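Coordinate-derived values only; no laboratory data. Nothing here was measured: the structure is a model prediction, and the numbers come from that model. Please note: Cβ atoms are built from the backbone with ideal geometry, for glycine as well, and neighbour counts cover all protein chains shown.
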Amino acid sequence: DTAVSQTPKYLVTQMGNDKSIKCEQNLGHDTMYWYKQDSKKFLKIMFSYNNKELIINETVPNRFSPKSPDKAHLNLHINSLELGDSAVYFCASSPGIGNSEAFFGQGTRLTVV
Amino acid sequence: AQSVTQLDSQVPVFEEAPVELRCNYSSSVSVYLFWYVQYPNQGLQLLLKYLSGSTLVKGINGFEAEFNKSQTSFHLRKPSVHISDTAEYFCAVSDGKFYFGSGTKLNVKP
């Protein structure tokens, strides 16, 4: 009965590899997000989808590509991983845009070696 | 664009003492304000939110915050903290996108 679930929770991989992080929400929300939290705990939005449409695309390298097969899922694919991609990635969802809180997943700790 | 400033990166406090975590924001439009808590190795959990109405907002775990439009602040307070309140606290504003402050680590000592 987890509201926003991400898999995997931990991901250790070598530079140059391609990896995906999956996110699913069972709250019936229209909007989903990906955030990156760096080693200093700073949270920065990467992408946001509303009803499967991309609405926010911050300055993120093209190696990062979100995919939303349906409203309940927003996956993050990363190509050619670099050391600087190491961080905790959080998926979140909200009922609408702006006037409601976001519900966060538990995070995926990505370590690139 | 909006921005959020949390002036204190760390706040040490003794158990049962009161605490205030400061948050200031800059915005040229109406925004919605939030406080989230992050326990070690966990995701963010909503403490409280201000969308409209009364400027004093009460949240979970005995926390409250006051929205002050003239000072563009949304400080978080608790009259008596517990060891279990030790965590990272994030202030956020939303105008469609969520903008987070840099976080304040609350360290409650026995």
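Brief remarks follow.
- Conditions (1) farther than 19 Å from B:Gly101 by Cα; (2) under 14 Å from the mean Cα position of the chain (by Cα); number of the one not met by A:Val88: (1)
- Selection count, the range A:40-55, where residues are within 12 Å of chain B (Cβ to nearest Cβ) and surrounded by fewer than 18 Cβ atoms within 10 Å (Cβ to Cβ): 5
- Among the candidates B:Ala65, B:Ala17, residue that is touching a residue at least 24 places away in the same chain (Cβ under 8 Å) and over 15 Å from the mean Cα position of the chain (by Cα): B:Ala17
- Selection status of A:Ser20, assigned to a strand (DSSP E or B) and more than 14 Å from every other protein chain (Cβ to nearest Cβ): yes
- Filtered residue count, the range A:56-113, keeping only those that are in a loop (DSSP other than H, G, I, E, B) and within 14 Å of another protein chain (Cβ to nearest Cβ): 14
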